[in-house]
Amino acid sequence: MALSDNQKQKIKDLLSQKLEAKLKSYGRETISVPFLARLIQDNEKIAAYSFIHSMATTLGMSIHEEVSVILASETADECFRNYGVGGAISKSQKYVIGNIIAKLRNGEREADIDEEREEVLNASTENGEFQKSGNIADFYMKRNGEEYYFEIKTVKPNIDVFEKSKTKLLEWVARRRKLVNVSNEHKLLNIYIKDRYKINQYYVFTQVKNR
């Protein structure tokens, strides 16, 4: 789907604002870099490296979330970044989620988001409580009555990060207590594709359906 002129301009303006803000506020976090100093032996190059690293950080997670809103704004009913999912999670739901994650990590089952969501939704919601941890989705949108919740990653995760991320996704389903679309995206958001990431001995599907 091609970007509209309005979207292109908003993205250009966003990038310009981020770069200008960084140039105005930049200060080296530390001047103590003995390894780089011995390796490069050029203070100006070390300073340039520090600036580039800082700029890369600036153009990391937050910029992806803001661009995601711009991309979805013209076709979604509503869309937000840093969205509070809300809802409550019961002990039964947490047990089911923990069991799913353990079996995935041990290679005892293959990832299937549809099956996993059903298992979570079939668990008892009795005595559910609000849980602050994991409540925020990096990006949320609603389109044609369907809810989509995303956690955005800029690189492919290691297995420990994946485990935490997968747990959070399933907890979002538990919080909403209905079939919602959840995904962890490891690049700039593209809501029309299905990607497969190989992690150690098993695969995790990041699946978002365009119905």
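Comparison of 59, 39, 23, 14 shows that the only residue that is among the aliphatic types (A, V, I, L, M) and modelled with pLDDT of 85 or more is 14.
Residue check: residue 3 meets all listed conditions (1) at pLDDT 90 or above; (2) not in a helix (DSSP H, G or I) but one, namely (1).
If you check 110, 119, 151, 171, which single one turns out to be modelled with pLDDT of 95 or more, in contact with a strand residue (DSSP E or B) (Cβ under 8 Å, 6 or more places away or on another chain) and not polar (S, T, N, Q)?
Numbers: 110 fails: modelled with pLDDT of 95 or more; 119 fails: in contact with a strand residue (DSSP E or B) (Cβ under 8 Å, 6 or more places away or on another chain); 151 fails: modelled with pLDDT of 95 or more.
One residue alone meets the criteria, 171.
The values are calculated or read from the model by the stated rules, or taken from the named source; none is laboratory data. On a predicted model such as this, the values are computed, not experimentally measured, just so you know. Positions of Cβ are generated from backbone atoms using ideal geometry, with glycine treated the same way; all protein chains shown enter the neighbour counts.
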